[in-house]
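Engineer: This is the structure, below, for whatever I ask next.
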């Protein structure tokens, strides 16, 4: 059963959403709101990459946004790198400077990471990414087809 309660009745009050959990006890409901200003969206947007034989330069969001979660797997025996850019268009890999470089562990049978960025990583211009075989900002070496699996959530 849902109920609401009002606090500070004398000053106009504030209404809170709550659930009656029994015996008249109210537990407040908290709504998680995603977005740069705290009111952007109720849910995030999923993204996915199965790598092509390239740097996979991608514009994820062409305007300011927030990155909330990343799941990355590398099926190569050598470490690979996931690079994020604060940019409204696809990055020019090797020229643009990433704001975040993440190594994806090596394993021919699959290794990787899950990263929850709560409360989120802010990108003031846009969210873009690329994948490379080298860690250097100027590296342009392409990964192989189907060796990187990437999933995530952004707003």
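Engineer: Could you tell me whether residue 137 is assigned by TED's automatic domain parsing to the domain that holds residue 58, over 18 Å from residue 47 (Cα atoms) and out of contact with any strand residue (DSSP E or B) (no Cβ under 7 Å at 6 or more places or on another chain)?
Structural biologist: yes
Engineer: Spot the failing condition for residue 122; the list is (1) under 17 Å from residue 72 (Cα atoms); (2) touching a strand residue (DSSP E or B) at 6+ places or on another chain (Cβ under 9 Å); (3) at pLDDT below 95, and only one is missed.
Structural biologist: All conditions are met except number (1).
Engineer: To continue, here is another question. So, residue 104, is that one in contact (Cβ under 8 Å) with a residue 60 or more places away in the chain, out of contact with any helix residue (DSSP H, G or I) (no Cβ under 9 Å at 6 or more places or on another chain), surrounded by 13 or more Cβ atoms within 10 Å (Cβ to Cβ) and closer than 15 Å to residue 56 by Cβ or not? I'd like the intermediate steps shown before the answer.
Structural biologist: Numbers: in contact (Cβ under 8 Å) with a residue 60 or more places away in the chain: no; out of contact with any helix residue (DSSP H, G or I) (no Cβ under 9 Å at 6 or more places or on another chain): yes; surrounded by 13 or more Cβ atoms within 10 Å (Cβ to Cβ): yes; closer than 15 Å to residue 56 by Cβ: yes.
Here the answer is no, as residue 104 does not meet what is asked.
Engineer: Go through 62, 38 for me and flag whichever is modelled with pLDDT under 95 and either under 22 Å from the mean Cα position of the chain (by Cα) or farther than 30 Å from residue 130 by Cβ (or both). It would help to see each step written out before you state the result.
Structural biologist: Values: 62 fails: modelled with pLDDT under 95.
From the options 62, 38, the qualifying one is 38.
Engineer: Being modelled with pLDDT of 95 or more, outside any strand (DSSP E or B) and under 20 Å from residue 87 (Cβ atoms) is the filter here; which residues of segment 142-155 pass it?
Structural biologist: 142, 143
Engineer: Return the residues of segment 45-57 that are surrounded by 17 or more Cβ atoms within 10 Å (Cβ to Cβ) and outside any loop (DSSP other than H, G, I, E, B); say none if nothing qualifies. Spell out the reasoning first.
Structural biologist: Step one: of segment 45-57, the residues surrounded by 17 or more Cβ atoms within 10 Å (Cβ to Cβ) are 47, 49, 51, 55-57.
Scanning segment 45-57 gives 47, 49.
The values are calculated or read from the model by the stated rules, or taken from the named source; none is laboratory data. Computed from a predicted model, the values in this text were never measured in an experiment. Here Cβ is always computed from backbone atoms with ideal geometry, including for glycine, and neighbour counts include all displayed protein chains.
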